[in-house]
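Everything below concerns the one structure shown next.
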Amino acid sequence: EKYHIELKYPFLPCLQVGQEKKHTYLPLEVCDLVPGQRCIKKLSESQTSRMIKATSRTAPDRETEINRLVARANFNGDPYVRDFGINVDTKMVTVTGRVLPPPKLQYGGKVSRIQAMPDRGVWDMRGKQFHSGVEVHLWTIVVFATVRQCPEDKLRNFIYQLRKISLDAGMPFRQDPERVRYIQDRMGVERVEAVEPLFRQLCVEIEGLQLILVVLPGKTPVYAEVKRVGDTLLGVATQCVQTRNVNRTSPQTLSNLCLKINVKLGGINSIIVPNMRPPIFREPVIFMGADVTHPPAGDEKKPSIAALVASMDAHPSRYSATVRVQQHRQELITELASMVREMLIEFYKSTRFKPQRVIFYRDGVSEGQFLQVLQHELNSIRVACRKLEEDYQPGITFIVVQKRHHTRLFCSDDRDRVGKSGNIPAGTTVDVGITHPSEFDFFLCSHAGVQGTSRPSHYHVLWDDNGFTADDLQCLTYQLCHTYVRCTRSVSYPAPAYYAHLVAFRARYHLQEREDRSSGEGSSTSQQSEEPRSPALMAQAVRVHEGMCKVMYFA
């Protein structure tokens, strides 16, 4: 009426523009989309993977592209640059790096203790058995797909192949599953609400049930419910598998499944060969990893989740975790003192030793927050120690790990390039030239770059009571990158920090049911939408079952 426009497509939905609270809606046909805008909303998994494929460049290509952009920018021709007397070099800075030696990994087995030597950040488990494998006696399979999507003969073959591979890996499934259940309703939709009663029934019917293997037809809300029920309500290990991996089994996929199942049941996959470990291991030492995950951009209500993991043995290979829900987008871990205290008690119960040193890897802190985080969190660790014993003062090393930065390292000699992507070799470390002139920091690229250009992790040592030399800390950090249980590769940052990220991510799934209910989506509880948001209820939602505290349920 206002603009005297007659809509050609009045039946099409409108676009919501401007601020969400203002509810401004415009018909699609009167809008023009300006090209070249950045999408700040969280992308779906398929969008993310397509984005990475489209934008990834091999290291040599990226190096050429950066040099081309710098030449095109012609900084030195800029009058302002000249007025300030600045001269920008058109060539990349050349720095000296070195490649750290990888640690040997010890596997187990009844006869001999075989060692694996990583080559370019990768090693093989063929012909080796887990350092300590768990025997699976009682397990069951639940299929949230139709018989057509997951035929019974394919499922039987999957069971046969899984048992074969697991036996080779030293984690034998001693018998076929106790039950195999297909769960579908008549409409062919997965039944989220069927998960809890079914799992409860299985735990009653099969006393001592060790594992529920769940087959899912791709990305589905059933996954979050499976993890919520298994991790927080019943304390039973769950392992999800996609139907495509059941229908077409590959030794690699089955072997990766075994890596995850073994640690979820309390086993140990591999350890660093003891005589290769740095001197810090001569006294009891605990490794901690901490991370805070925030809700996606545009969300103004959901809480942030803080996670802390800590090693529970001397290898270190087994970790315990604790989680807290905190204020929306709060980066400092508010309840760190109680979390650290909890982990120190668990360490003592597990090893009968009090740690003399605490190595704390903190993920996700930007440079502007260093001082704030150090003051609050270092003090929290000290408070936790004093609460246990007044004069208990272990040496603390506080290290921040950063992945989100724009530093890329390229080989100056083409012969040093590794793999198809032409990246720097795993273990490359740089601590001169591009690091802080007076602070203790270094770059370490601990993983083998498979796609695109490797991004080295940047480590800042904010506090060190333990008198680490640069060499010792770099070697220790690199060794911890080899202890990640989910794959037989060195990963891009230390296992404790990686696990903290996984724990926080898993807690987001545990919260999901509460958050969905509280937003009133497809639910009759929208009137009381504020009630499930209470901090006490959310804290309860992320608390894992006591049976899960001693195993790595998050693997």
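The values are calculated or read from the model by the stated rules, or taken from the named source; none is laboratory data. Because the structure is a prediction, the values reported are computed rather than measured. FYI the Cβ positions are ideal-geometry reconstructions off the backbone, even for glycines, and counts take in every protein chain you see. Side chains included, ligands, DNA and RNA excluded: accessible areas come from the protein's heavy atoms. Shrake-Rupley method; radii C 1.70, N 1.55, O 1.52, S 1.80 Å.
Observations on the structure shown:
- Cα gyration tensor, the range 1-148 - rounded (a/c under 1.5), prolate or oblate: oblate
- Added length on full extension, which subtracts the Cα-Cα distance from 0.36 nm per residue, Ile5 to Asp313: 103.7 nm
- Cα gyration tensor, the range 16-81 - rounded (a/c under 1.5), prolate or oblate: oblate
- Per-residue packing, averaged as other Cβ atoms within 10 Å, sorts the ranges 371-378, 3-10 into the order 371-378, 3-10, beginning with the highest.
- For Lys349, solvent-accessible area (1.4 Å; no DNA, RNA or ligand), Å²: 120 Å²
- What the chain shows is 53 Å² of accessible area per residue, with the surface traced by a 1.4 Å probe over protein heavy atoms.
- Among the listed pairs Lys219/Lys403; Lys22/Lys403; Lys53/Lys91; Lys302/Lys354, those with a Cα-Cα distance over 31 Å are Lys22/Lys403; Lys302/Lys354.
- Structural descriptor for the chain: relative contact order 17 percent, calculated from alpha carbon pairs under 8 angstrom and at least 6 residues apart.
- Overall form of the chain per C-alpha gyration tensor (a/c, 1.5; a/b vs b/c): rounded
- Ile183-Lys53 FRET efficiency (beta carbon distance; Förster radius 30 Å; 0.05 resolution): 0.30
- Listed residues Met339, Met117 arranged by accessible area, highest first, probe 1.4 Å: Met117, Met339
- Looking at the chain, the DSSP beta bridges with both ends there are about 60 percent antiparallel.
- The range 195-240: trypsin sites (Lys or Arg not before Pro) in DSSP loop, at most 15 other beta carbons within 10 Å: Lys219
- Backbone amide hydrogens, once placed in the peptide plane, bring Tyr182 within less than 5 Å of Val143, excluding anything fewer than 5 places away on its chain.
- Local charge for Val30 was computed over the other residues whose Cβ lies under 14 Å away, with Lys and Arg +1 and Asp and Glu -1, and equals -2.
- Here Phe353 sits with roughly 120 square angstrom of accessible surface, probe radius 1.4 Å.
- Heavy-atom surface analysis with a 1.4 Å probe gives the range 329-434 a carbon and sulfur content of 46 percent of its accessible area.
- For Lys128, the aspartates and glutamates whose Cα falls under 13 Å of its own Cα, not counting residues fewer than eight places away in the same chain, are Asp168.
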